[in-house]
């Protein structure tokens, strides 16, 4: 017999809630928790970044690669082949290319 996972227990509880105020309270808690998780990730990324770091992120235009030119409180300015983008810290992943060919963007080495 498999015991339900914590996720299954939580979703079952939410499905059984009929009080709108309780659902709103649960929603506030989930949003608060998401903000905490994103802030922790942003802090972790920020400590691993420095100007000149090679980074990647997934945005509306798909996966992007670039080089950090400045680091702000919540965002990093990242130089890509076509200009500088302002990217939230929690979206960035630091890349350590083994060779210049590992870090190519639109046919040019970034």
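Every read-out reported here was derived from the displayed coordinates using simple, explicitly stated rules and does not represent laboratory data. Please read these numbers as outputs of a predicted model, since none were measured by experiment. Here the Cβ is made from the backbone with ideal geometry for all residues, glycine too, and neighbour counts use every protein chain on show.
The listed peptides 73-86, 9-22, 48-61, ordered by packing as a protection proxy, come out as 73-86, 48-61, 9-22 (highest mean of other Cβ atoms within 10 Å first). Work out the FRET efficiency for residue 32 and residue 96 from their Cβ-Cβ distance, taking R0 = 30 Å, and round it to the nearest 0.05. With a Förster radius of 30 Å, E is 0.35. Model label sites at residue 18 and residue 44, defined 7 Å from Cα along the beta-carbon direction, differ in position by 4.1 nm.
Binning at 5 Å from 0, report for region 11-92 what percent of all alpha-carbon pair distances ends up in each bin. Histogram of Cα-Cα distances, whole percents per bin: 3, 13, 21, 16, 12, 8, 9, 8, 6, 4, 1.
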